[in-house]
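These notes concern the structure reproduced below.
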Ligand code: PMP
């Protein structure tokens, strides 16, 4: 099929749930992806912070091939070695002993909410405005953005929202019925918003004081993205539950809900499950992806190249009045504009660079963590050119 035929077929047969960019991606390598017509794109989007190790990483590809030849799926009523190995790796890098495997970020959060309710015997979850936690009915209700959930009323009860970074509001919302606080370290879909200094430490201490579980949604920030394996490791905090997905599988679907031995006792056999969760193929891919992130020191590279990229953005900010903020950590960086960013995304794509726009006016840059300063040096003049055409 050519691009037009693919788009036409999508229009006919695939539900219209996304505003899509008019290119059909065909293959990729590292920080480059190629459309079906053979055009090369420098990828500063990484499938929304998924391809942390880049496309077609040798170790990930070989792990998938080797595992596929042995066994692709087995039921969770049996044990499998790749899941066992992955659980050990996750415990090592997170400090949380137990994991429940699923297939996506929404499922990882769904399990986190169910576990928090079951463990505490309480119903209420406090989340934040502008957060994003997924599209299942519980996670979309936890999400703090009306457009994602109001069309789907009636929503399940038991959710409260407060402003992100406002500790007084958080304290006001937490009461005797609160099971957990569910929060991102950086609000990825909400515009790459960051909390004030000291906020997470205070939140962690307050949750512990009130016997409320702290669930950190690291679906977008996890696996080296922000310059550490987990963004929560920037702070002196001890979350009770952490949800992971996106970067964990090196591009293969997997979700993970991490918790302590103690909180894990909330779930007993029969409480929760997933046919595909923890399947050997996804776990083998994730084992290779985690190894690559650690062995190639991709989080360190994210920190270093991320700083370089952020400085380049700050230079652009001093040049263009319509840039109102530059923020983020590692290789999850946003440029906030005082206007919609969609056309800039289009113009960058025409110049063969993939980026995206979140919250309507924040350009999001989330490349594979292996990008170099020279990739940044290739991208910046193109962005400068696009910006200069706006003035
Ligand atoms: N949590 C966060 C912070 C996310 O960014 C996302 C996806 N953008 C999700 C949850 C949902 O993940 P998934 O699409 O894999 O269900």
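The values are calculated or read from the model by the stated rules, or taken from the named source; none is laboratory data. Keep in mind the model is a prediction, meaning the values are calculated, not measured. Positions of Cβ are generated from backbone atoms using ideal geometry, with glycine treated the same way; all protein chains shown enter the neighbour counts.
Observations on the model:
- Entirely in the stretch 60-162, the strands (runs of 3 or more DSSP E) that have 2 or more residues that are touching a strand residue (DSSP E or B) at 6+ places or on another chain (Cβ under 6 Å) and farther than 30 Å from residue 359 by Cβ: 98-102
- Within the stretch 228-242, one or more residues are modelled with pLDDT of 95 or more and assigned to a strand (DSSP E or B).
- For residue 19, the criteria (1) more than 19 Å from the chain's Cα centre (by Cα); (2) at pLDDT 95 or above hold in every case but one, which is (2).
- Remark: residue 214 matches the filter, which requires a residue to be surrounded by fewer than 24 Cβ atoms within 10 Å (Cβ to Cβ) and part of a strand (DSSP E or B).
- Selection count, the stretch 166-178, where residues are touching a helix residue (DSSP H, G or I) at 6+ places or on another chain (Cβ under 6 Å) and buried (at least 18 other Cβ atoms within 10 Å of the Cβ): 1
- Test result for residue 112, crowded, with 17+ Cβ neighbours inside 10 Å, away from the ligand (no atom under 15 Å from the Cβ) and in contact (Cβ under 8 Å) with a residue 60 or more places away in the chain: no
- Matching option when the condition is under 24 Å from the mean Cα position of the chain (by Cα) and under 16 Å from residue 221 (Cα atoms), among 354, 329, 337, 309: 329
- Residue match in the stretch 206-227 (condition: under 30 Å from residue 89 (Cα atoms), within 20 Å of the chain's Cα centre (by Cα) and more than 16 Å from the ligand (Cβ to nearest atom)): yes
- Extreme residue, surrounded by the most Cβ atoms within 10 Å (Cβ to Cβ), among residues of the stretch 133-164 that are touching a residue at least 12 places away in the same chain (Cβ under 8 Å) and away from the ligand (no atom under 16 Å from the Cβ): 162
- Test: residue in the stretch 11-24 that is without any contact (Cβ under 8 Å) to a residue 60 or more places away in the chain, more than 25 Å from residue 343 (Cβ to Cβ), in a helix (DSSP H, G or I) and within 16 Å of the ligand (Cβ to nearest atom): no
- For the stretch 74-90, the set of residues classified as out of contact with any helix residue (DSSP H, G or I) (no Cβ under 7 Å at 6 or more places or on another chain) and touching a residue at least 40 places away in the same chain (Cβ under 8 Å) consists of 75, 76, 81, 90, listed by residue number.
- Filtered residue count, the stretch 243-268, keeping only those that are more than 17 Å from residue 51 (Cα to Cα) and assigned to a strand (DSSP E or B): 4
- Each residue in the stretch 32-44 was checked for being crowded, with 24+ Cβ neighbours inside 10 Å and either within 16 Å of the ligand (Cβ to nearest atom) or not in a strand (DSSP E or B) (or both), and 1 of them qualify.
- The residue of the stretch 167-195 that is nearest to the ligand (Cβ to nearest atom), among those that are in a loop (DSSP other than H, G, I, E, B) and within 17 Å of residue 215 (Cα to Cα), is 188.
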